[in-house]
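A quick write-up on the structure given underneath.
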Number of protein chains: 2
Amino acid sequence: MNVLARASKSATHVEMANSLRVLAMDAVEKANSGHPGMPMGMADVATVLFTRFLKFDPADPAWHDRDRFVLSAGHGSMLLYALLHLLGYPGVTRAELERFRQIDSKTPGHPEYGHTAGVETTTGPLGQGLATAVGMALAEKLLAARYGAEIVDHHTYVISGDGCLMEGISHEAIALAGHLKLSKLILLWDDNGITIDGKVSLADSVDQLARFEAAGWRAFRIDGHDPDAIAAAIESARSSDRPVMIACKTVIGYGAPTKAGTHSVHGAALGKEEIAGARAGFAWTHDPFEIPANIVTAWTEAAEHAAREHSAWKTRYGKLDAKIRADYDADLSGAIRPAVFAAVEAFKQAASEGGAPQATRISSQKLLDRLSPAQPNLIGGSADLTGSNNTKAADMKSVTPEDFTGRYIHYGIREFGMAAAMNGIALHGGFIPYGGTFLVFADYSRPAIRLAALMGVRVIHVLTHDSIGLGEDGPTHQPVEHLASLRAIPNLLVFRPADAVETAEAWELALKAEKTPSVIALSRQNLPIVRREHSQENLSEKGAYVLREPEGGRDVTLFGTGSEVSLAVEAAERLAGEGVKAAVVSVPCFELFAAAPSDYRRSVLGQAPRIGIEAAIRQGWDIVLGPEDGFIGMSSFGASAPAGDLFKKFGITVEAIIAQARALAASQRA
Amino acid sequence: MNVLARASKSATHVEMANSLRVLAMDAVEKANSGHPGMPMGMADVATVLFTRFLKFDPADPAWHDRDRFVLSAGHGSMLLYALLHLLGYPGVTRAELERFRQIDSKTPGHPEYGHTAGVETTTGPLGQGLATAVGMALAEKLLAARYGAEIVDHHTYVISGDGCLMEGISHEAIALAGHLKLSKLILLWDDNGITIDGKVSLADSVDQLARFEAAGWRAFRIDGHDPDAIAAAIESARSSDRPVMIACKTVIGYGAPTKAGTHSVHGAALGKEEIAGARAGFAWTHDPFEIPANIVTAWTEAAEHAAREHSAWKTRYGKLDAKIRADYDADLSGAIRPAVFAAVEAFKQAASEGGAPQATRISSQKLLDRLSPAQPNLIGGSADLTGSNNTKAADMKSVTPEDFTGRYIHYGIREFGMAAAMNGIALHGGFIPYGGTFLVFADYSRPAIRLAALMGVRVIHVLTHDSIGLGEDGPTHQPVEHLASLRAIPNLLVFRPADAVETAEAWELALKAEKTPSVIALSRQNLPIVRREHSQENLSEKGAYVLREPEGGRDVTLFGTGSEVSLAVEAAERLAGEGVKAAVVSVPCFELFAAAPSDYRRSVLGQAPRIGIEAAIRQGWDIVLGPEDGFIGMSSFGASAPAGDLFKKFGITVEAIIAQARALAASQRA
């Protein structure tokens, strides 16, 4: 295509770009809330990108070989909504633009994945859009390596602002993209020199072009208001052998007569006068939200142009070898293959029958060795702790810049970048990503875990070394509050399996949770098998279950998770010797227990006094415990020492459980 | 000094460096746990730095004008412990080296601030040491600008590994340091090309020198095993007008005969054979932990050399103008000036007597306008949300690369970097830092907040827009689980004041908490004054207090925090109209309430049924609520809409409180 040609015969580039500007001004003004500056500044870039390059089909927003567009500067949401509206995406009507930022509208303050057609990922928390896009671009390479460029061949475009580039995650993202030579990733940086506090120069002096080049990108600067320069830049970027950053020199709030180029246009309605001035400057005589027919036609033509390739793609897809197409469909469906369930079943049986003590991170590794061939679209990885997280399945080959047929990603020492890239891989589709680090470093990746939960995407965080049981590395590396703080995130499943059997059940549930991310917290240290009797049923599915029921009723019930369940079992056995009848309940997942039927919950909880046991803080345990019940766990940071010494130091021992159980049972009898 | 001269007449450089290597090998071997590779690789660099450049005084580790040394690669702790031991730091005895990583030793797995003399900051979570050091170097500039180079003139040296430079926070840190031209910051990068997973090239291709130069640093590479090259490099770095990064090309595990230069030497004991081979290579014939007298002497001489300047400094300090010295002492003492308490008192009185509704972020701003002149070592800042966080006091001038007399830091869009720099400012001493962002973005800075809590340093996080009350920006910007997840961190005070009065009380308590970081969560929206009666006493000090006590006993008690307290008050008043006696308790700080005397807690809690009200999740509320009590708050992510619509949508209303209170009170009577 001749990209330097005019975008449309029906309307000029300037008219089309101005249509985005006025819609952004009008919507923010009506809401009296929002960010007009960025949409007005980047309208030229967006117009060129969407009219001349981006491939998509508003009639089928989920068409899998579409180009991905990520508005990393999510506060500029009106730019995206204006585009989606004018291009005819379903549901993004004029009425919805008029309800910008109002309750239950399709046009919330920041773009929300799953809520508005055409929104590829939820953005707003700065830097994450870019890092998520890296995951999308990586997924494209992985999928293309499997199914060929005939049906997988698309670009990932990102618009980011200065904020995204100042955030630390941008470093992790661009370093990973540069290392992997993700040549189909194109970043359009809104280089307007303005942030909320004022000029960028108030807080930043980074030479961004040099920085990106140092990370293995191609980078250059253009006039972000010159459509031909924009088109030439994108055209050139599309043939790069590296990811490309195009610094688009723009004026924030372009067209606002007195506020353009200042931070006062960033995040507030412009006001009537300023809008009138801008309209006059654009020679725009139409009412708010009113777009003249010739411009509507031009955008409609652009949508048709963008969708052109869809039918050709369908033809190519139809000609695929039946077996390949079935595999492609299966991968994209996100379905879990039957072989996975068989593998879990076999693993559980072997573990419960023969199992010697084993760290659950090792159990996870051994299970993954079986799951990986069963579910060929699993993509593993670790933030440089592969041997400690035990995340690399036996048949997994590492992904390299030269070879994307592998299935294991060395994410580097980039927990946050990994988590965001995993979100991008999941959003792109075709794969189920999991990645490992230490549980304590969930704090580093937390903002991306939250975003996964908010979007409802299936990513699996394998977080090992899940308590003071990690021992000598000390309090900086020992999670204490992390189980609680992760359980606090809505729509996140936090599993802490007690042994190899529960580890397999956790993996099965995490894989089945198509709309929910999961954390699987695993021990560094060996744990005995507590599930000695094989059960076909996934007992972890209801979040908690009775592991040991004493005959003749309960004097006390011990609730444990993970490494502490075996302590509870041993305590119960010894209590039996002194005539105290203790039940043991394993609680591998609080969220699933909270969602279980109330009569089931009541039966598990029982009537006897309760003790919770977890080498972590009590917060959150009120799902099980009342104010009179007991708890054995942590109330401070940990310490550096061998694990055994630490469990003693912090009083998380069989003896402590017995003493507390004895006292509670006695008070009960009294 | 002639830095190229030999370090000592008593022993050669090689002998001294090898003494560090063998101690690291021996300690890790004895613990059978730890990281020998980095200490062995960086022993030459550390020897040159500590014997020829660093100024410090083991007899007075807290001497304020010492150079700061930060081991950002904290896993290499044995390098630091070996140095501290050989230099004669108090408590770091041979016996403690032999108890490396054992319970209650002075030599935990990672260096812990406040635990071992000579450890400037706790490190281990990668990247944070570097970012904290940026805060220290910034504090040095700020203090020197106030008191002159005569008594404030020291460098900050950092040793980091590849991990620190891959972490996103390194970007925020080096961009901030480069922008501010922190010329006394010198980073020694252990450029050994190895990470846990294998070679760095497995996951990273960044040209680090180019990257640092892009961020405004001077950067160059040297042979990290050539003492003269190391000395020349540091000498040159000390006269730079910018921060300097020296890439020290080293061999990880230098001297280990078969494992050197590989990842197998990174994080595990070397084993007897390998150690024997290394000793042979070093021609080291001494027993484990045994250092020959000539080398001990050489290190002792180095310590004397390093302390040389201390007495000259004391002389200069003694000659200071008395008023200046008193100010300097006051700033360094960390004491809160009496004028602060007077300002708080006056502010409270004015607010309770005359106060119109006000957002607590605005109240905080107005209070800061008074606190800032009262406490001249307060250092404010924001991660580019100055106008939203309301963090810039009226008399605060911005710090610029040219002028460090200001007291307000534009941290840029770098929440994590800001939080870590705040830690560094606090650790350096002389200042009390506070910094602002939105509460939801505490997730970005969380790892540094945790580290502040672990270290026990006074930093104050002003986190505004503290609920769905922020409105239109939507769920990406609305904290829901953040109060709970912050309350989960040990040794952190989380304040959520209900009005202007409590805002002042929260600030007072945060300033007084010398060993504890604080979060002050503030509303975007206006809140009525609920404390209409002035009290000299700080009622927030016990964490919760009765705001409204009905006559004739309670039918129900309503517990609220922040913006929901006024809802509780209104509900109680309306309930009184229908004959239901409702008490209202304000709970500005859970941690302080948990620590209050139990009889006080009982009196506040009362016997009546309870309802907790907070526009956030219930997790953590069991500090107040039992399983039968009520809760009005959030159980999902928020949404984008005007705040009023959201409180209705999520059922956080006076009507909902009344309905629940009515039902609970009735069930009580039944």
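The values are calculated or read from the model by the stated rules, or taken from the named source; none is laboratory data. Just so it is clear, the structure is predicted and the values come from calculations on it, not from any experiment. Positions of Cβ are generated from backbone atoms using ideal geometry, with glycine treated the same way; all protein chains shown enter the neighbour counts. The area values use the complete protein model at the heavy-atom level, side chains included, leaving out ligands, DNA and RNA. Shrake-Rupley method; radii C 1.70, N 1.55, O 1.52, S 1.80 Å.
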Item to check | Nearest-10 value in Å² for the accessible area of B:W313, using the 1.4 Å probe | outcome: 20
Checklist outcome for this item: Taking the chain alone as reference and the full protein assembly as comparison, with a 1.4 Å probe on protein heavy atoms only, the residues of region B:207-224 that lose at least 10 Å² of accessible area are B:D207, B:A210, B:R211, B:A214, B:A215
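Residues with beta-carbon under 13 Å from that of B:G148, excluding B:G148: net charge, scoring Lys, Arg +1 and Asp, Glu -1?
On the way: positive: B:K141, B:R146, B:R316, B:K319, B:R325; negative: B:D65, B:E140, B:E150, B:D153, B:D321, B:D327.
Combined, the nearby Lys, Arg, Asp and Glu give -1.
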Item to check | ³J(HN,Hα) computed for each position of region B:168-178 - Karplus, 6.51 cos²θ - 1.76 cosθ + 1.60, integer Hz, glycine/proline x | outcome: x, 4, 4, 5, 4, 5, 6, 5, 5, 5, x
Next on the checklist: Positive end of the dipole of the protein assembly as shown, charges at C-beta (+1 Lys, Arg; -1 Asp, Glu), about the Cα centre: which of B:V587, B:N390, B:V45 has its Cα farthest in that direction?
Outcome noted: B:V587
Checklist entry - For region A:63-133, what is the charge dipole size about the Cα centre, in debye to the nearest 20, if Lys and Arg each add +1 at the Cβ and Asp and Glu each add -1 at the Cβ? => result 120
Item to check | Listed pairs A:K55/A:K141; A:K184/B:K181; A:K199/B:K141 exceeding 28 Å between Cα atoms | outcome: A:K184/B:K181
Checklist entry - Within region A:183-225, what residues put their amide N at less than 12 Å from the label point 7 Å along the Cα-to-Cβ vector of A:S236? => result A:218-223
Next on the checklist: Around A:G355, under 13 Å between beta carbons, what's the net of Lys plus Arg minus Asp minus Glu among the other residues?
Outcome noted: 0
Checklist entry - Roughly how many debye, to the nearest 20, is the charge dipole of region B:541-594 about its Cα centre, given +1 on each Lys and Arg Cβ, -1 on each Asp and Glu Cβ, and no other charges? => result 60
Checklist entry - Relative to the first principal axis of the alpha-carbon coordinates of chain B, what is the inclination of helix B:77-87, with its axis defined by its Cα atoms, in degrees from 0 to 90 and to the nearest 10? => result 60
Item to check | Inter-probe distance in nm under a simple model that places probes 7 Å from Cα toward Cβ, at A:A335 and A:S535 | outcome: 2.9
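Of the heavy-atom accessible surface of region B:36-124 (probe 1.4 angstrom), what whole percent is carbon and sulfur?
Numbers: 930 of 1840 Å².
The C+S portion of the solvent-accessible surface of region B:36-124 is 51 percent.
When Cβ neighbours within 10 Å are restricted to other protein chains, what is their mean count per residue of peptide A:405-412?
The mean count of partner-chain Cβ atoms within 10 Å per residue comes to 3.
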Next on the checklist: Strictly over 22 Å apart at the Cα level, which of B:K314/B:K512; B:K392/B:K542; A:K30/A:K106 would you flag in this model?
Outcome noted: B:K314/B:K512; B:K392/B:K542
Item to check | In sequence order, calculated HN-Hα J values of region B:389-403 (Karplus, 6.51, -1.76, 1.60; Hz; x Gly/Pro) | outcome: 7, 6, 9, 9, 5, 4, 9, 8, 9, 6, 6, 10, x, 9, 8
Checklist outcome for this item: Once amide hydrogens are built 1.01 Å from N within the peptide plane, the residues lying 5 or more places from A:I432 or on another chain with amide H under 5 Å from its amide H are A:L378, A:I379
Checklist entry - Relative to the other copies, what are the label-point distances for B:E628, with labels 7 Å from Cα along the C-beta vector, expressed in nm at one decimal and sorted shortest first? => result 1.0
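Averaged over B:464-475, how many beta carbons belonging to a partner chain fall within 10 Å of each residue's beta carbon?
4
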Next on the checklist: Which one, A:W217, B:S205, B:V604, projects farthest toward the positive side of the charge dipole computed for the protein assembly as shown from Cβ point charges (K/R +1, D/E -1)?
Outcome noted: B:V604
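Would you mind giving the three semi-axes, in whole Å and largest first, of the ellipsoid equivalent to region A:278-317 according to its Cα gyration tensor? Can you show the working numbers first?
On the way: eigenvalues 240, 14, 9 Å².
Semi-axes, largest first: 35, 8, 7 Å.
Might you report the magnitude of the Cβ-based charge dipole of region B:158-200 about its Cα centre, with Lys and Arg at +1 and Asp and Glu at -1, to the nearest 20 debye?
Details: 3 positive and 6 negative charges, 54 e Å.
For this selection, approximately 260 debye.
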Checklist outcome for this item: Applied in sequence order to region B:616-628, the curve 6.51 cos²θ - 1.76 cosθ + 1.60 (Karplus, θ = phi - 60°) yields integer Hz couplings, x standing for Gly and Pro, of 6, 6, 6, 3, x, 6, 5, 4, 10, 9, x, x, 8
Checklist entry - Under a plain spin-label model, where a point goes 7 Å from the Cα along Cα-to-Cβ, how far apart in nm are B:E578 and A:T12? => result 6.5
Next on the checklist: Given the whole protein assembly as supplied and a 1.4 Å probe, what does the accessible area of B:D369 come to in Å², nearest 10?
Outcome noted: 50
Item to check | Inter-chain Cβ neighbour average for residues B:25-38, partner chain, 10 Å | outcome: 1
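Could you tell me what percent of the accessible area of region B:535-609 is made up of carbon and sulfur, with a 1.4 Å probe and every protein chain present? Before the final figure, lay out each step's value.
Details: 1360 of 2920 Å².
For region B:535-609, the apolar C and S fraction of the accessible surface comes to 47 percent.
Please work out the ratio of the alpha-carbon Rg of region A:21-148 to 2.2 N^0.38 Å and round it to two decimals.
On the way: Rg = 14.6 Å, N = 128, 2.2 N^0.38 = 13.9 Å.
After normalising by residue count via 2.2 N^0.38 Å, the value is 1.05.
Ratio of Rg to Rh for the protein assembly as shown, alpha carbon only, Kirkwood?
Working: Rg = 30.8 Å, Rh = 32.2 Å.
Ratio of gyration radius to Kirkwood radius for the protein assembly as shown: 0.96.
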Checklist entry - What aspartates and glutamates sit close enough to A:K249 to cross-link, taking a C-alpha to C-alpha distance under 17 Å and skipping anything fewer than 8 places away on the same chain? => result A:D44, A:D162, A:D190, A:D191, A:D204, A:D207, A:D223, A:D226, A:D228
Item to check | Pseudo-label separations to other copies for B:G577 - Cα-to-Cβ vector, 7 Å, nm | outcome: 6.7
Checklist outcome for this item: Rounded to the nearest 10 Å², the accessible area of B:S33 using a 1.4 Å probe with every protein chain kept is 20
Checklist outcome for this item: Under the helix-only model (-39500 (n - 2.57) for each DSSP H run of 4 or more, divided by the residues of chain B), the mean residue ellipticity at 222 nm, to 500 deg cm²/dmol, is -13000 deg cm²/dmol
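If R0 is 56 Å, what FRET efficiency do you get for B:A326 and B:K648 from their C-beta distance, rounded to 0.05? Could you put the intermediate results ahead of the total?
Working: r = 56 Å, r/R0 = 1.01.
In this case the efficiency is close to 0.50.
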Item to check | Residues along region B:166-194 losing 10 Å² or more of accessible surface when the other protein chains are present rather than the chain by itself (probe 1.4 Å) | outcome: B:M166, B:E167, B:G168, B:H171, B:E172, B:A175, B:H179
Checklist outcome for this item: Per residue convex hull volume, Cα only, chain A, in Å³ is 158
Next on the checklist: Students often forget the sequence filter, so: which aspartates and glutamates lie under 14 Å Cα-Cα from A:K323 once same-chain residues fewer than 8 apart are removed?
Outcome noted: A:D331
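What accessible area, summed over both chains, is buried at the A-B interface (1.4 Å probe, Å², nearest 100)? Spell out each step's value before the answer.
Details: alone 23960 and 23930 Å², together 40350 Å².
Interface between A and B: roughly 7500 Å².
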Next on the checklist: Given the options A:H263, A:I275, A:F289, identify the residue whose Cα lies farthest towards the positive end of the charge dipole of region A:259-313 (+1 on Cβ of Lys, Arg; -1 on Cβ of Asp, Glu).
Outcome noted: A:H263
Item to check | Simple label model, 7 Å out from Cα along Cβ direction - B:T258 to B:D207, nm | outcome: 3.9
Item to check | Teacher prompt: B:E549 distances to equivalent labels in other copies, 7 Å Cα→Cβ, nm | outcome: 4.9
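What accessible area per residue, rounded to a whole number of Å², is obtained for chain A using a probe radius of 1.4 Å? Mind dumping the intermediate values first?
Details: 20190 Å² over 670 residues.
With the other protein chains kept in place, chain A gives 30 Å² per residue.
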